[in-house]
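Trainee: Quick one: the structure is below, questions incoming.
The values are calculated or read from the model by the stated rules, or taken from the named source; none is laboratory data. Not measured: the values here are computed from a predicted model. Here Cβ is always computed from backbone atoms with ideal geometry, including for glycine, and neighbour counts include all displayed protein chains. Calculation scope for accessible area: heavy atoms of the full protein, side chains included, ligands and nucleic acids excluded. Shrake-Rupley method; radii C 1.70, N 1.55, O 1.52, S 1.80 Å.
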Amino acid sequence: MLDPQDPEATIAAAAARVSNWGRWGEDDVLGTLNLLTPEKRVQAAALVRSGVSFDLTQHFNTDGPQKGWLRRVNPVHAMLGTGLDAEAGIPAFPHGIGGADDMITMPLQASTQWDGLGHIFDHGKAYNGRRAGAIVTSEGDNTTGIETTAGRFVGRGVLLDVARHLEPETAELPDGFAITPEHLDATAAAAGVEVTSGDLLLVRTGRLSRARRSIAAGTGWGDYAGGESPGLSFTSLDWLRAHDVAAVATDTWGVEVRPSEVAVPTFQPFHQVAIPHLGLFLGEMWDLEELAADCASDGVHEFLLAAPPLPVTGAVGAPVAPIAVK
């Protein structure tokens, strides 16, 4: 399924195998989110036992993880009104009331986020066979903008901690490690969990843990954003299609393994198939550390997951503050 010397043919063959074009009609804008049904949400709600919740967000601040590549920078937070203004009576509101206000400027994919269906194209084609130029213009994604997913990203979450399963001593995978279907199956079996249709799948590689260790040592984020990384193998596309997951998120910058398994120069071949052909939503830069530790402790790797993106009209990706509840 993977010819390292012929990326064009490899990508085209995978696209044909896993394509969801027309599966939910020619007007469909939700892709694999169609698989996350109300019945699946009812099942997910029943997974809440203790009520313990986990924040899966890398917080949005000026300290990282971006370094300017692809014009992505870290959030810039500015105050529009402060306590000092209130003390000085600026602006002059009646009867002593004062307040603070603020704003933020950032790329929508600066930190924990979902890739929308208008984010990646294949040979000028967007999800469901649409013309890329007709879908995303200077005004944004006019068809599959992230706002179309509003209210849908709530369901059964499943964590596959591949790093902890394969490397129990460090719980971290090395850069360039490709997570194959065999790795996913083995991790699920060891955790006693089954990945089913409509699930929101979380895959932990340990890459964020390594980045944070670098930060603690005073050397910063390093190449976390855009550099080499463990991640999903190109061959896992068939596995994701066979299991009909609604979305997949990881603790890495780009979900897929970097550098690519294809020997000749390529850039994000997994994305090139997953988003425009499979119609799969990809979550990047999620913080799975606390959740993973708890799952390892109690042996429970399924939970209710709420992860709605900020519904920015026309956006091709958006920030998210996901919460897992066990």
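Trainee: Need one value: the accessible area of His123 in square angstrom, 1.4 angstrom probe, rounded to the nearest 10.
Mentor: Surface accessible to solvent at His123 totals approximately 140 Å².
Trainee: Quick one: ranking Asp63, Asp141, Asp294 by accessible area, 1.4 Å probe, largest first, what do you get?
Mentor: Result, largest first: Asp63, Asp294, Asp141.
Trainee: Contour minus end-to-end for Arg23 and Asp238, with contour as 0.36 nm per residue of separation and end-to-end as the Cα-Cα distance?
Mentor: 75.8 nm
Trainee: Which of the peptides 109-116, 54-61, 315-322 is most tightly packed, and how do the rest follow, judged by the mean count of other Cβ atoms within 10 Å per residue?
Mentor: With the highest mean Cβ count within 10 Å placed first, the list reads 109-116, 315-322, 54-61.
Trainee: Could you pull out every residue, at least 5 positions away or on a different chain, whose amide H is within less than 5 Å of the one on Gly283? Hs are placed 1.01 Å off N in the peptide plane, and Pro or chain starts have none.
Mentor: Those qualifying (amide H under 5 Å, at least 5 residues apart or on another chain) are Asp115, Val248, Ala249, Thr250.
Trainee: Determine the gain in length on full extension of the stretch Phe60-Met79; use 0.36 nm per residue of separation and subtract their C-alpha separation, reporting nm with one decimal.
Mentor: 5.3 nm
Trainee: How high is the relative contact order of the chain, in percent, with contacts defined as C-alpha pairs under 8 Å that are six or more residues apart?
Mentor: 31 percent
Trainee: Need one number: the % of Cα-Cα pairs in the stretch 201-259 sitting beyond the 18 Å mark.
Mentor: Above the 18 Å cut-off, the stretch 201-259 has 38 percent of its Cα pairs.
Trainee: Can you pull out the chymotrypsin sites (Phe, Trp or Tyr not before Pro) in the stretch 252-326 that DSSP calls coil and that have at most 15 other Cβ atoms within 10 Å?
Mentor: Within the stretch 252-326, the qualifying chymotrypsin sites (Phe, Trp or Tyr not before Pro) (loop, at most 15 other Cβ atoms within 10 Å) are Phe267.
Trainee: Also, quick follow-up: Which percent of Cα pairs goes in each bin when the distances of the stretch 68-221 are cut into 10 angstrom slices starting at zero?
Mentor: Calculated over all Cα pairs of the stretch 68-221, the distribution is 8, 20, 26, 26, 13, 6, 1 percent.
Trainee: Of all the C-alpha pairs in the chain, what % are more than 37 Å from each other?
Mentor: 17 percent
Trainee: Moving to a separate point now. Could you work out the helix-only [θ] at 222 nm for the chain, with each DSSP H run of four or more residues adding -39,500 (n - 2.57) and the total divided by the number of residues, to the nearest 500 deg cm²/dmol?
Mentor: Result for the chain: -6500 deg cm²/dmol, rounded to the nearest 500.
Trainee: Per residue, how much accessible surface does the chain expose to a 1.4 Å probe? Answer in Å², no decimals.
Mentor: So the chain comes to 43 Å² accessible per residue, rounded to a whole number.
Trainee: If you don't mind, there's one more thing I want to ask. Counting only C-alpha contacts under 8 Å and six or more residues apart, can you give the relative contact order of the stretch 139-214 as a whole percent?
Mentor: Answer for the stretch 139-214 is 42 percent.
Trainee: Could you tell me how many degrees, from 0 to 90 and to the nearest 10, lie between the Cα long axis of helix 207-216 and the main elongation axis, the longest principal axis, of the Cα atoms of the chain?
Mentor: Relative to the chain, helix 207-216 is tipped by roughly 40 degrees.
Trainee: Ratio to report: Rg/Rh of the stretch 166-323, with Cα atoms as the point set and Rh obtained by the Kirkwood method; give two decimals.
Mentor: Rounded to two decimals, Rg over Rh is 0.94.
Trainee: Could you look at the chain and say what percent of its accessible area is carbon and sulfur, using a 1.4 Å probe and all protein chains?
Mentor: 56 percent
Trainee: If you don't mind, another one. Provide Rg over Rh for the stretch 56-134; use the alpha carbon set for both Rg and the Kirkwood Rh (inverse mean inverse pair distance).
Mentor: Rounded to two decimals, Rg over Rh is 1.24.
Trainee: Taking the alpha-carbon distance from Lys326 and a cut-off under 26 Å, which lysines remain once sequence neighbours fewer than 8 residues away in the same chain are dropped?
Mentor: Lys40
Trainee: Need one word for the stretch 252-326: rounded, prolate or oblate. Basis is the Cα gyration tensor (sqrt eigenvalues a ≥ b ≥ c); a/c below 1.5 gives rounded, then a/b vs b/c decides.
Mentor: oblate
Trainee: Give the value in nm², to one decimal: projected area of the alpha carbon convex hull of the stretch 1-156, averaged over all directions.
Mentor: Hull-based average projected area comes out at 16.3 nm².
Trainee: With an 8 Å Cα cut-off and a minimum separation of 6 or more residues, compute the relative contact order for the stretch 40-115 in percent.
Mentor: After rounding, I find 32 percent.
Trainee: Could you give the distance between the Cα centres of the stretch 153-175 and the stretch 69-83, to the whole Å?
Mentor: Result: 32 Å between the Cα centres.
Trainee: OK, next. In square nanometres, what is one fourth of the surface area of the convex hull spanned by the alpha carbons of the stretch 161-240?
Mentor: 5.8 nm²
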